[in-house]
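Read the structure below first, then the notes.
The values are calculated or read from the model by the stated rules, or taken from the named source; none is laboratory data. Being a predicted model, the structure only gives us computed values, none of them experimental. Cβ atoms come from the backbone with ideal geometry, glycine included; neighbour counts cover every protein chain shown. Heavy atoms of the whole protein, side chains included, go into the accessibility calculation; ligands, DNA and RNA do not. Shrake-Rupley method; radii C 1.70, N 1.55, O 1.52, S 1.80 Å.
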Amino acid sequence: MENQRAKSGRATIHDVAAVAGVSISTASKALNNTGRMGDETRERVKRAAAEIGFRPNALAKGLLSNRTFTIGLLTNDTYGRFTLPVMAGITEALVDHGVSVFLCTIEDDPALGKVHVDALLDKHVDGIIASGKRIDRRLPVDLSNLPVPVIYAFTEGAPGSVTFCADDYQGAALAVEWLQGLGRSRIAHVTGPESFVSVRERAKAYRDLAGDGLPVMYGTWSEAWGHRAVAQLWSVAGAKPDAIFCGNDQIARAVVDALRERGVRVPEDVSVVGFDNWEIVAAQTRPPLTTVDMNLKALGREAGLTVLALAEGRSVDPGIRTLPCELIVRQSCGGSPDR
């Protein structure tokens, strides 16, 4: 057995069978959770496999199941702001199932998208997950009528597909309710372009909870807009906001800086809350930024498990599935998780 293992450089099913004291057929069935045998025998085989570091041959496993144990992830989010946490969740969900993920960035180029789709199909991937930069735009490539399952995560899906997205309304409600719980009554909302459905959903939650006392301030996803918004708010006569809920963390960081430049203390005078929980921005803001986390990693896990279920032939109901957001409390709003 040692000679055989030395030649191949890895443990084989023959080694597992010898260590467990069973036939090769029994060892194979035990590791694949098939066949009829006692629980003790099945567990003994699995312990033996773990002890000698046995890993099933992916090619042989694929031939038996008519699968390649690979998934393709397509995205036009070349910066990776949204796709990287989604991919982390997908990988986390699939690694224990022996499934690998191919990441293909297609920018906004339909021709490049088709090249990547064709390449993934040539590799006989078990499924494809499409992810993007916003939930109300499709990737610039046709993913309908493919011979493999397609799941959408943080991008617009095709009719009759399974699509995962964050609950923007619920996330915005968390932010506004938290500020109100701190006693803030003049809450401003500085956000991105109104053309984004996520912006409209967050603005709706803000309006439903904070009322019409202050106008929603639509702009760009930039720090420059955050500075201009504060300038506009502080140029108007009368009472100033005692809290500002921002549409993303970049805007929020600029709002904090602009307030500091005017001698306005954060959080003592004005509480500030962002959206996205982009760690590189939120944690480095001074004071650190309270913000809404869209739980994109959890979204990726759900997408990964769903495409796996479809690849295994299980039935999955189509539709849009929204996952709840979470408020990450830091010092910029003056509150703490315990209030």
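On a per residue basis, the chain carries 48 Å² of accessible surface, using protein heavy atoms and a 1.4 Å probe.
Among the protein heavy atoms, those of CYS104 account for about 20 Å² of accessible surface (1.4 Å probe, every chain in place).
In this Cβ point-charge picture (+1 for Lys and Arg, -1 for Asp and Glu), region 166-292 has a dipole of about 380 debye about its Cα centre.
Counting only residues at least eight positions apart within a chain, or on another chain, the aspartates and glutamates with an alpha carbon under 12 Å from that of LYS240 are ASP269. Which angle from 0 to 90°, rounded to the nearest 10, does the C-alpha axis of helix 197-210 make with the longest principal axis of the chain? Orientation of helix 197-210: about 50 degrees from the principal axis. If only the Cβ of Lys and Arg carry +1 and only the Cβ of Asp and Glu carry -1, the dipole of the chain around its Cα centre is close to 580 debye. Restricting attention to the chain, close to 10% of DSSP beta bridges with both partner residues there are antiparallel.
Measuring nothing but how far apart in sequence close Cα pairs (under 8 Å, 6+ apart) lie, relative to its length, the chain scores a relative contact order of 17 percent. Between GLN250, ALA239, THR220, whose Cα lies farthest towards the positive end of the dipole of region 166-292 when Lys and Arg beta carbons carry +1 and Asp and Glu beta carbons carry -1, centred on the Cα centre? The listed residue farthest towards the positive side: ALA239. Ordering VAL270, ALA166, THR306 by Cα displacement along the dipole of the chain toward the positive end leaves THR306 in first place; charges were set at the Cβ atoms of Lys, Arg (+1) and Asp, Glu (-1). Charge dipole of region 234-278 (Cα centre as origin; +1 on each Lys and Arg Cβ, -1 on each Asp and Glu Cβ, all else neutral): 140 debye, rounded to the nearest 20.
Of the accessible area of the chain, computed with a 1.4 Å probe over protein heavy atoms only, carbon and sulfur atoms account for 52 percent. Among (1) 40; (2) 49; (3) 27, which is the computed percent of Cα pairs over 35 Å apart? Evaluating percent of Cα pairs over 35 Å apart on these atoms matches (1).
Report the full-extension gain for the segment ALA111 to ARG137: residue separation times 0.36 nm, less the Cα-Cα distance, to one decimal in nm.
Details: separation 26, 0.36 × 26 = 9.36 nm, distance 1.74 nm.
Residue separation times 0.36 nm, minus the Cα-Cα distance, leaves 7.6 nm.
Of LYS204, LYS240, the residue with the largest accessible area leads and the full order is LYS204, LYS240 (1.4 Å probe). For the chain, modelled as a GNM whose springs connect Cα atoms under 10 angstrom apart, the maximal fluctuation among ILE244, ILE328, ILE52 occurs at ILE52.
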